[in-house]
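Worksheet: one structure, shown below.
The values are calculated or read from the model by the stated rules, or taken from the named source; none is laboratory data. Remember, predicted model here, so these are calculated numbers, not experimental data. Cβ atoms come from the backbone with ideal geometry, glycine included; neighbour counts cover every protein chain shown. Keep in mind that these areas ignore ligands, DNA and RNA; they rest on the heavy atoms of the full protein, side chains included. Shrake-Rupley method; radii C 1.70, N 1.55, O 1.52, S 1.80 Å.
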Amino acid sequence: MATFTSTLPEILEPWVKKIFIKEYNMIEVLYTQIFNVVSSTKAFEDTFQVAALGTFVLKPEGAPISYDDPVQSLRKRVVHQTFALGFRVTMEAMEDDQHRIISKMPSDLADSARDHKENLAWGLFNDAFAALTFTGMPEGDNIRRGLCSTGHIRLKDGGTSSNQLSPGVALSVSGIEAAVTNFRLTLSEEGRQINITPRTLVTHTNEEFNAAQILNTEKEPFTNENQINTVSSNRLGLNVIHVPYLTDTDAWWLLASKNQHSITWYNRKGMTFERNKDAQTKDSLWDAHYRASVTFDDWRGVVGSQP
């Protein structure tokens with residue numbers, strides 16, 4: 001497929017006053033604010049986890065000490081994928097373009113790639129509750145669950161943990177309170193209390209003003225009781241990121257800092273641009289591609305709600 005003079009006939013007309021193309025700037029890059037961006041040099045990445053020792057048990061006088069062993073999960077493999085796009089322009093269309101429209105196409109490849117990366121990354125959150133595409137490492141029952149679930153099975157003791165509000169709660173003071181409490185009660189694979197602190201609230205752009213009212217007031221919003229706002233940013237220190245790439249406009253998440261969650265973007269190959277010319281037709285060809293994968297391993301460090 002190529003761009004012919006007949007594809008964009010108006011660019012051949014010198015008296016056309018203005019052709020609107022690429023008039024607007026893109027929004028800031030969002031996924032790098034949340035994802036751990038990691039370089040990779042292989043075709044795939046393997047991960048697994050190990051649960052260490054269980055809890056102490058009573059040792060009666062004269063009885064031997066009880067011994068325990070660590071437990072290893074099954075392996076998880078993430079295979080990097082290649083994403084690409086290009087365009088082809090005939091020699092005649094290049095030569096006769098009166099408005100330099102064709103010359104803007106290479107930069108549009110960059111914008112298209114940037115938009116694709118955002119959609120690829122946030123697809124993990126869009127699938128967080130359904131687990132149709134993105135799943136973590138095999139759990140204690142050897143099942144791989146989604147990022148948010150009420151039934152995570154711990155590797156060591158076989159107990160159940162949840163990082164999903166059930167039933168789902170809309171973004172609100174009470175919802176954030178419940179999510180923070182969930183963080184505070186998170187158990188390790190060994191069933192031990194661990195310290196994971198929520199740092200970022202992720203919502204759809206539709207919730208921008210609701211989130212501001214909830215987090216940026218000293219008194220609890222939407223009430224007449226004048227009580228303190230327990231989830232204000234001054235108290236919890238939450239940052240907020242509003243993401244238009246989310247498909248469920250009501251879903252929201254609390255995330256720990258990057259070093260306390262495993263949401264990862266693997267960079268296998270950075271964006272690469274090439275220009276070539278067809279020796280037979282003299283058509284010009286531009287293309288771009290990159291290689292990457294999106295994944296998470298452990299569900300800890302994330303609590304989600306789907307009202």
Restricting region 273-307 to residues that are among the basic types (Lys, Arg) and at pLDDT 95 or above, the one farthest from ALA251 (Cα to Cα) turns out to be ARG291
The lone condition LYS117 fails out of (1) exposed (fewer than 14 other Cβ atoms within 10 Å of the Cβ); (2) closer than 23 Å to THR41 by Cα; (3) of a type in the set (D, E, K, R) is (1)
Given the conditions (1) surrounded by 10 or more Cβ atoms within 10 Å (Cβ to Cβ); (2) at pLDDT below 90, every one holds for LYS17 apart from (1)
If you go through PHE125, PHE83, PHE134, the only one that is open to solvent by less than 50 Å² (accessible area, probe 1.4 Å), more than 25 Å from ALA251 (Cα to Cα), within 31 Å of the chain's Cα centre (by Cα) and among the aromatic types (Phe, Trp, Tyr) is PHE83
Checked region 270-307 for anything in contact (Cβ under 8 Å) with a residue 12 or more places away in the chain, open to solvent by 30 Å² or more (accessible area, probe 1.4 Å), part of a strand (DSSP E or B) and of a type in the set (S, T, N, Q); matches are THR272
